[in-house]
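Report on one structure; see the data block that follows.
The values are calculated or read from the model by the stated rules, or taken from the named source; none is laboratory data. Computed from a prediction, not measured in an experiment: that's the story for all the values here. Using ideal geometry, Cβ is built from the backbone for each residue, glycine included, and neighbour counts are taken over all protein chains shown.
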């Protein structure tokens, strides 16, 4: 697919048909296994896309911040999990009160202290909110070790929350060869945490795992798995990270950044054979894992390498055996991490079979708190 | 300075007094040497800050995109350099016509083809615009080698533009030990380019260089230097990159991200002693040069290391000999690259001596084209 003429570059374009296929493929795979899908909407931040995910059978939405929850609730979401260990002061307590007037709201928890703090500010209202204890399944970010889950659950219950289960984010799945290992660690950590909570007298009804690299693996073992739902986000679009990890094919890439060749260098003594595109870190995002080939990939030129990214320049080294594109040529870049790219624009172009269909507002962009 | 209570984290806070000092220090240093200052406002994207820079004596503003130029022109800027090799189609031509109704506008150029393309779409109007040929002084991004400058200048003149000089961005100055070397290469490349243009019959009135790491060096050699103006951006705020390069001190850091400790881990077998802050890549930006110590620095805890950044989590390894901060504590993070951080928020808090003074709108945020 080429870049529609009407688009000024750089711009994010979403291939609607590819995205719809991604949404139904994940929904169908999980439905077949009886595992719930609670997509993480921080990836796209677009209410229209969330509506499509819910229509395909998602059991609810996952968000990272109170602000995201507020935007999606205002757009009709009625079951929202804030998968984050919020530190709840008086302002956050008020926002939670208002939020839960229209939606079932669940929260993450990973410390006794945060539960005590929340209890102080929420008072009796905590009983309107559900809590899932966050488990560290090997990523070593937030989350408690499975053996400490019951301690946090007791503090949550003491603060008045309804404790309904546990969750984890196997973020160490984002590396080559890691998805299977991370999915195993996730299953084992969640199982141990559930046992610990059950032993402590809690009824566990939600066990939430998953990431885009591991969601299919979790679904694959359904029946044997303790997991009741997963929270993949990136699967709606795919990105260069998922492609390079072997977790999605090119035909599943629904989001690209349209860019123009603004500078071209060939045959200049002592300088690399390269083009410069007008898409830089202010639209692609600058995530670049050590194992990645560069700062994203070019959709129709997989051998080209994005070796450097400035704010408004991508420097692309062109393979020796391919003709360097001409100045003014419009190319499509696959960002390394779509969640960051979506957070950098107010609007995205929706494209179908090469035609511009409409624009969507990235309604929850920048909702950091 | 602590984080004002009224601020919800994560949030960008700007220490007004430190920023004002940075603005006048750079302005005074360059004024003393007779070198013009044309600050790059992509760093802050805030009209109020641009107004302070102009009041301190800046000769004009530098921007990276047409959209940024439009925002600052709408806020009263009358001399704007778009330091970018724009590819000018019919829409860009119309926007340039409207923009230059109220401002003196200069553009970058680095190819014959882009000048021919611009000429086709601008027609006789090109004569209202000034062009500076971009020179590659060793960064190997955009820009032509100095010996090719005259070729591009002739194409610009043939397209009807007024050719007034040359510019370069010594981006290779952003590495330890490089600022002096990059400033030398910059001076030598600009000198060669000026000679080439003069020989080709062009009158060179503007020679534009500089970056925050090299601006002071350029100023230092004024008198001997061919440079007439410099375009530093980051100097208004400073950031962890400049600090780690030795180009600014802690007392010059005017921008920090206020963050809260939301997760804390100590004495958990097999996992690192760490805290997690609620400031992630969606507010700090994820630029992380290979030579950096991590994804930013903590203002009051220079020995702590931000080893990982997710979208809403910063994982900070705490030094063995220091007490790990408590949950709920509010800390200040110095981002690696302030230009990216500013582009992630709609508003910033302006703080003076610990008191919240006002908020500024980041009016040119997201102006990618």
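Brief remarks follow.
- The condition of being touching a strand residue (DSSP E or B) at 6+ places or on another chain (Cβ under 8 Å), under 20 Å from residue B:170 (Cβ atoms), crowded, with 24+ Cβ neighbours inside 10 Å and modelled with pLDDT of 95 or more does not hold for residue B:30.
- Criterion: within 12 Å of chain B (Cβ to nearest Cβ), out of contact with any helix residue (DSSP H, G or I) (no Cβ under 7 Å at 6 or more places or on another chain), surrounded by fewer than 23 Cβ atoms within 10 Å (Cβ to Cβ) and touching a residue at least 12 places away in the same chain (Cβ under 8 Å) - qualifying residue of A:67, A:108, A:76: A:67
- Residue B:127 satisfies every condition listed in (1) crowded, with 17+ Cβ neighbours inside 10 Å; (2) under 22 Å from residue B:90 (Cα atoms); (3) touching a strand residue (DSSP E or B) at 6+ places or on another chain (Cβ under 8 Å) except (1).
- Against the criterion of being surrounded by 20 or more Cβ atoms within 10 Å (Cβ to Cβ), modelled with pLDDT of 95 or more and out of contact with any strand residue (DSSP E or B) (no Cβ under 9 Å at 6 or more places or on another chain), residue B:43 qualifies.
Conditions (1) farther than 23 Å from residue A:311 by Cβ; (2) touching a helix residue (DSSP H, G or I) at 6+ places or on another chain (Cβ under 9 Å); (3) surrounded by 23 or more Cβ atoms within 10 Å (Cβ to Cβ), marked per residue:
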| position | (1), (2), (3) |
| --- | --- |
| A:203 | yes, yes, no |
| A:213 | yes, yes, yes |
| A:235 | yes, yes, yes |
| A:251 | yes, yes, no |
| A:293 | no, yes, no |
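One line per residue, one yes/no per condition, for (1) over 25 Å from residue B:36 (Cβ atoms); (2) touching a residue at least 24 places away in the same chain (Cβ under 8 Å); (3) within 14 Å of another protein chain (Cβ to nearest Cβ):
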residue: B:228; (1), (2), (3): no, yes, no
residue: B:245; (1), (2), (3): no, yes, no
residue: B:257; (1), (2), (3): yes, yes, yes
residue: B:264; (1), (2), (3): yes, yes, yes
residue: B:271; (1), (2), (3): yes, no, yes
residue: B:280; (1), (2), (3): yes, yes, yes
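- Any hit, region B:151-168, residues being at pLDDT 95 or above, assigned to a helix (DSSP H, G or I), closer than 23 Å to residue B:92 by Cα and out of contact with any strand residue (DSSP E or B) (no Cβ under 9 Å at 6 or more places or on another chain): yes
- Identification of strands (runs of 3 or more DSSP E) wholly contained in region B:190-277 with 2 or more residues that are within 29 Å of residue B:29 (Cα to Cα) yields B:206-209, B:255-265.
- Subset of region B:319-357 that is surrounded by fewer than 22 Cβ atoms within 10 Å (Cβ to Cβ), in contact with a helix residue (DSSP H, G or I) (Cβ under 9 Å, 6 or more places away or on another chain) and not in a loop (DSSP other than H, G, I, E, B) - its residue that is farthest from the other protein chains (Cβ to nearest Cβ): B:352
- Boolean, residue A:36 is surrounded by fewer than 22 Cβ atoms within 10 Å (Cβ to Cβ) and either within 21 Å of the chain's Cα centre (by Cα) or within 23 Å of residue A:360 (Cβ to Cβ) (or both): yes
- Within region A:358-369, restricting attention to residues that are out of contact with any strand residue (DSSP E or B) (no Cβ under 9 Å at 6 or more places or on another chain) and within 12 Å of another protein chain (Cβ to nearest Cβ), the residue that is nearest to residue B:283 (Cα to Cα) is A:366.
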